[in-house]
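Inspection log for the structure reproduced underneath, given as structure tokens.
The values are calculated or read from the model by the stated rules, or taken from the named source; none is laboratory data. Just so we're clear, the structure is a prediction, and the values are computed from it rather than from any experiment. Positions of Cβ are backbone-derived with ideal geometry, glycine not excepted, and every protein chain shown enters the neighbour counts. The accessibility values were calculated without ligands, DNA or RNA, using every heavy atom of the protein model including side chains. Shrake-Rupley method; radii C 1.70, N 1.55, O 1.52, S 1.80 Å.
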Amino acid sequence: MSMKTFLLAAAVWLVGTGVLCAQVSAYYRPAQRADTSKNPAMPGLATAQIKAPVRAEVLAATARVRLSGVDMGKIAEQEAKEAGKNLPPRFGALIPVNLGLEAGTWQKTDSGDVWRLVVETEKALSVNLWFDEFRLAEGASLWIHNTEQTMVVGPVTAQNNGPDGKFGTGVIPGDGAILELHEPSGTRERSRLRLSAVTHGYRDLFAGFSGAGFGQSGDCNVNVNCSSIAQTPSDAVAMIIVDGTRSATGSLVNNACYNYTPNFLTAFHVLDTAPFDLNLGQNETNAVANWVFQFQYKSPTCTPSGDGLASHFVFGAQFRSAWFNTDFALLRLNARPVIPNTSFLGWDRTGAAPTSAATIHHPAGDVMKISVDDDGTPLTLSGWWNANTHWRAAFNSGTAQPGSSGAPLINGAFRVVGQLHGFLNTACPRPGNPGYNRNCFCGTNPNQRQADFGRFDLSWDGGGTVGTRLSQWLTDDPLVTQTNTTVMPRIAGPGQLCGNASYTLLNPPPAGIPVSWEVVPAGLVTPSSGTGTTANLTLLLSGNAVLRFNVGCGNAEPFTYPVRVGGYASGDHPVTGPSSASCGQQVFYNTVPLPHATSYQWVNIPPGATNVSGQGTRFLSFTVPSGIFSMNVGVMVASSCNQGGSPNIVFTNVSCFGGF
């Protein structure tokens, strides 16, 4: 298939999403954006539920930390020393901080406690936040606004708690961030947060934040959304925030099991930074635990370029293998990105020279671009440290620049055959160096539009060890030479099971790949396990269950789907309220949010109570009448399955004689 077909034709792809929740989304603020269609879909979160801006009077009373910024003279000296070392380009510098919950401001609300902190760094064009202590309580949610409140990141929840207690964000435009932590009433433990560093962005990754265009990569680059057929492969590509200060590119790749283990292919030299010596030390391989992988960072239109802020990021990865001769590195992300149409690229290790190819990348940290070599002749061989270890692409559309490193080279069958090592354009100064011109990479000299990609087929056996080859992680079957590009499956079915219902794994893996399912805990439905892509379930007992589809071989993370079996009982909605009150006092009660509740019916409100508000919602308040000694206020929760079981009651002792 020619690359013209790649750009213009239609193809059939497996479409779907995963359902893990260990990723975070960035959203446009509807109040500031007339067009919110760019907001990514997020399971369980409608656009209307995106966190509202912090009110001006609340923000004025919020603790604020102002950092002094960075020394651009020292940064220029450092970048000059790194010139010619083929390192990923810098866009920012880390500023160490030590800011815990004690640095912010707490506010008491009817629904719980809210903590806020504003962090600003002088003259920054963007920021990233890095936490060395990060443990959110169950039920808590963290939202992060940029200081202009034109975008918001979140919700970050306990599902984002990592095993090492660390967390980092994607790039946030502007000179700072507003952190807003919500802890609902009845939370058993407090969240623990400590901000350890802030990336001060001094190279503008958001030059087009107003929608006029980014302008960070060369004008000859082509937005990936100019190609309708490139959408599926582009949904596997991410921009990498390396060590909080540099940017690069990489992609998710399938294994032969098609179990959607989040294997991520990028370039060896992206890791080889401390120092650059063609050898990876433990500090360099461990550093990937603090990388951020930003997916869907695209212009929403072909032209003009948009700001691309509707994106998702995954924090952290584990090192798998790498080999300097072909400049490959394979990581395993800490979680699958949970976004619609996330794809995993297939690969081809036959060694056949592609007659047409494309790379999808983030040059200079810009929104995602596509560059094409489609002149009808096979790609030629080239070498860096050894002969014939790379494919050389000569782009007739687009180019490659610093920041593109690690991008996949995709052949006409939509399979990876290499990853970007570097480009021949030695005449173009790198970002931050004197004479840098982004359009130098778009020059008419043939060398200015060529790039070398480490060969996937040679990386397969690599250096012959577990830590230097791809085969160890992608298949143990020597007969498998190719896999296909697919998209993560997703589960479709009702969120609440009231009787009988079917649940389907949409867009399953290729034929012959095993699929099984189970419902935990067992005993709530029948049957509780089976094989195939459809589960036909019948209610037995009420409770909360999780449907798990296991796809492919090995011990990969299953695809999960929470199901409420039956209606809600009193134990599902505990009530929080005062244990004692006085006549004439305004009292407040609340219960927990339930995803399938249709109404909250408060019962036993004492006769004569005034100023009653909140009936039908999770929150109730009223003024206690005189002449009573106690109250047994409770709530019943209705859903599609029933109008509510027995109420959950809280006892309140009433005194009408206090102070006399």
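Within segment 565-579, the set of residues being part of a strand (DSSP E or B) and more than 15 Å from Met636 (Cβ to Cβ) comprises Val565, Thr576. Remark: Trp460 matches the filter, which requires a residue to be on the phi < 0 side of the Ramachandran plot, open to solvent by less than 50 Å² (accessible area, probe 1.4 Å) and in contact with a Leu (Cβ under 7 Å, 6 or more places away or on another chain). Would you please name the residue that is nearest to Leu541 (Cα to Cα), looking only at residues in segment 556-596 that are of a type in the set (D, E, K, R) and at pLDDT below 95? Selected residue: Asp572. Filtered by the rule that a residue be open to solvent by less than 60 Å² (accessible area, probe 1.4 Å) and either among the polar types (S, T, N, Q) or in contact with a helix residue (DSSP H, G or I) (Cβ under 9 Å, 6 or more places away or on another chain) (or both), segment 577-592 gives Ser582, Asn590, Thr591, Val592. Filtered by the rule that a residue be out of contact with any strand residue (DSSP E or B) (no Cβ under 6 Å at 6 or more places or on another chain) and open to solvent by 50 Å² or more (accessible area, probe 1.4 Å), segment 508-531 gives Ala511, Gly512, Pro514, Pro521, Ala522, Pro527. Quick one: is Thr169 open to solvent by 10 Å² or more (accessible area, probe 1.4 Å), of a type in the set (Val, Ile, Thr) and in contact (Cβ under 8 Å) with a residue 24 or more places away in the chain? Answer is no for this residue. On the given criteria, is Leu179 surrounded by 19 or more Cβ atoms within 10 Å (Cβ to Cβ), modelled with pLDDT under 90 and either among the aliphatic types (A, V, I, L, M) or under 30 Å from Pro509 (Cβ atoms) (or both)? No. Note on segment 243-298: residues that are of a type in the set (A, V, I, L, M, F, W, C), out of contact with any Asp or Glu (no Cβ under 8 Å at 6 or more places or on another chain) and modelled with pLDDT of 90 or more total 9. How about segment 478-489: which of its residues are farther than 15 Å from Thr261 by Cα and either touching a His at 6+ places or on another chain (Cβ under 9 Å) or buried (at least 16 other Cβ atoms within 10 Å of the Cβ) (or both)? Result: Thr481, single match. So which residues in segment 95-119 are within 25 Å of the chain's Cα centre (by Cα) and either at pLDDT below 90 or closer than 17 Å to Val58 by Cα (or both)? Scanning segment 95-119 gives Val114, Trp115, Arg116, Leu117, Val118, Val119. Restricting segment 314-353 to residues that are among the β-branched types (Val, Ile, Thr) and farther than 26 Å from Leu280 by Cβ leaves a set whose member that is farthest from the chain's Cα centre (by Cα) is Thr350. Among the residues of segment 184-218, those that are farther than 19 Å from Ile75 by Cβ and at pLDDT 90 or above comprise Ser191, Arg192, Leu193, Arg194, Leu195, Ser196.
The criterion of at least 1 residues that are closer than 30 Å to Gly351 by Cβ is met by the following strands (runs of 3 or more DSSP E) wholly inside segment 463-564: 543-551.
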